[in-house]
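K.L.:
Sending over a structure as structure tokens; questions will come in a sec.
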Amino acid sequence: MIYVVPSLKANAGLITEAARWAGSIGAVFAARQGRSEIRLAKDYGSCFLVYTSRGPQIVRDEGTHFFSLNMAELRIQHIRQGKPDHLLEALGAAGPVRLLDCTCGFGADSIVASFGLPQGSVVHAMEVSPLLAAVTSWGFSDFVHAHHDVTAALRRIQLRTGDYMAYLRNETAPVYDVLYFDPMFDHPVASSCHFQPVRAIMDHHALTLKTIEYAMKKTRRRVVIKGRSFRELVQAFPEAKLYGGRYSRIGYAVLECESTNG
């Protein structure tokens, strides 16, 4: 159960907005009653969000997390300038596609995909952490960007809380053209301090070769995996194609599928 508590100095309008949003996601709205964040942690453990004028926030000892476009902002600027985006290159869509981002997290890759994929494409996303899913889904549904086309890209993304393994094993689950995975790195990039407030609640399971085999049976066109080193993957799947900048710490592996899924 998630509890939504308004910020300490929230006015009546913000309190009403917080209560409405809590109801929309099936969370419990709780009055602040002057409680400190330390007290909230004692009352609700880690299962609460503080609703502020910037939207819902995850508050932990390591810091605070709220929705932001993060690197998606810069990447969209580059796309506007006609510069390539390695994720879009890896997705390889010449026409509309149905994409499932299996590890949504902060949502940056889903946002870039929704903005940059051909018109008519569908972007769905999954996030296993209920708290992180709540914050990111608020961004998709409520955040208003200065550029209308970016706001429209956010609204096109549908996110649900769930474990991608449950999806992969569900024979009746929807089939997508592309499945995308951005697993957590075992050793985080030191400069990625924005991960610290939520690292403990994110999914740390490794993307196994068996999981990749599941995914290849579940998609029509391709599986795309984000990572730093693909040595083991290329050994298991020699046909994998790699995308990414020469000096980038991050790349993408693409596995083409010959699925009979309709």
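K.L.:
Which condition breaks for residue 99 when tested against (1) without any contact (Cβ under 8 Å) to a residue 60 or more places away in the chain; (2) touching a strand residue (DSSP E or B) at 6+ places or on another chain (Cβ under 7 Å)?
P.N.:
(1)
K.L.:
Of the residues 108, 133, only one is under 15 Å from residue 68 (Cα atoms) and open to solvent by 10 Å² or more (accessible area, probe 1.4 Å); which?
P.N.:
108
K.L.:
Quickly run through region 21-51 and pick out the residues that are exposed (fewer than 11 other Cβ atoms within 10 Å of the Cβ) and outside any loop (DSSP other than H, G, I, E, B).
P.N.:
38, 42 - these are the residues of region 21-51 that are exposed (fewer than 11 other Cβ atoms within 10 Å of the Cβ) and outside any loop (DSSP other than H, G, I, E, B).
K.L.:
Could you look through region 108-160, keep only residues that are among the aliphatic types (A, V, I, L, M) and free of Cβ contacts under 8 Å to residues at least 12 places away in the same chain, and pick out the one that is farthest from residue 26 (Cα to Cα)?
P.N.:
By that ranking, first place goes to 146.
K.L.:
Every residue in region 136-164 that is among the hydrophobic types (A, V, I, L, M, F, W, C), surrounded by 15 or more Cβ atoms within 10 Å (Cβ to Cβ) and part of a helix (DSSP H, G or I), please.
P.N.:
Residues satisfying the conditions are 138, 140, 150, 153, 154.
K.L.:
Take region 77-102 and flag every residue that is aliphatic (A, V, I, L, M) and either open to solvent by 40 Å² or more (accessible area, probe 1.4 Å) or not in a loop (DSSP other than H, G, I, E, B) (or both).
P.N.:
To start, the set of residues in region 77-102 that are aliphatic (A, V, I, L, M) comprises 79, 87-88, 90-91, 93-94, 97, 99-100.
Selection gives 79, 87, 88, 90, 91, 94, 99, 100.
K.L.:
Return the total of residues in region 165-179 being out of contact with any helix residue (DSSP H, G or I) (no Cβ under 6 Å at 6 or more places or on another chain) and either of a type outside the set (A, V, I, L, M) or in a loop (DSSP other than H, G, I, E, B) (or both).
P.N.:
Of the residues in region 165-179, 9 are out of contact with any helix residue (DSSP H, G or I) (no Cβ under 6 Å at 6 or more places or on another chain) and either of a type outside the set (A, V, I, L, M) or in a loop (DSSP other than H, G, I, E, B) (or both).
K.L.:
Let me ask something else. Could you list all residues from region 29-58 that are over 17 Å from residue 137 (Cβ atoms) and among the β-branched types (Val, Ile, Thr)?
P.N.:
The one that is over 17 Å from residue 137 (Cβ atoms) and among the β-branched types (Val, Ile, Thr): 38.
K.L.:
Identify the residue in region 185-202 that is touching a Leu at 6+ places or on another chain (Cβ under 9 Å) and in a loop (DSSP other than H, G, I, E, B) and, among all such residues, is modelled with the lowest pLDDT.
P.N.:
Once the filter is applied, the top-ranked residue is 202.
K.L.:
Of the conditions (1) within 18 Å of residue 252 (Cβ to Cβ); (2) open to solvent by less than 50 Å² (accessible area, probe 1.4 Å); (3) not small (Gly, Ala, Ser), residue 74 fails just one. Which one is it?
P.N.:
Here residue 74 meets the rest and fails (2).
K.L.:
Do we find a residue being of a type outside the set (Val, Ile, Thr), assigned to a strand (DSSP E or B), in contact with an Asp or Glu (Cβ under 9 Å, 6 or more places away or on another chain) and under 28 Å from residue 174 (Cβ atoms) anywhere in region 56-66?
P.N.:
No, because not a single residue in region 56-66 is of a type outside the set (Val, Ile, Thr), assigned to a strand (DSSP E or B), in contact with an Asp or Glu (Cβ under 9 Å, 6 or more places away or on another chain) and under 28 Å from residue 174 (Cβ atoms).
Conditions (1) modelled with pLDDT under 90; (2) out of contact with any Gly (no Cβ under 9 Å at 6 or more places or on another chain); (3) open to solvent by less than 40 Å² (accessible area, probe 1.4 Å), marked per residue:
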{"site": "175", "(1), (2), (3)": "no, no, yes"}
{"site": "180", "(1), (2), (3)": "no, yes, yes"}
{"site": "206", "(1), (2), (3)": "yes, yes, no"}
{"site": "215", "(1), (2), (3)": "no, yes, yes"}
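K.L.:
Identify all residues within region 7-19 that are surrounded by fewer than 12 Cβ atoms within 10 Å (Cβ to Cβ) and assigned to a helix (DSSP H, G or I); write none if there are none.
P.N.:
Scanning region 7-19 gives 12, 13.
The values are calculated or read from the model by the stated rules, or taken from the named source; none is laboratory data. In this text, all values refer to a predicted model and were calculated from it rather than measured experimentally. No Cβ is skipped: glycine too gets one built from the backbone with ideal geometry, and neighbour counts run over all protein chains shown. Accessible surface areas use protein heavy atoms only, side chains included; no ligands, DNA or RNA. Shrake-Rupley method; radii C 1.70, N 1.55, O 1.52, S 1.80 Å.
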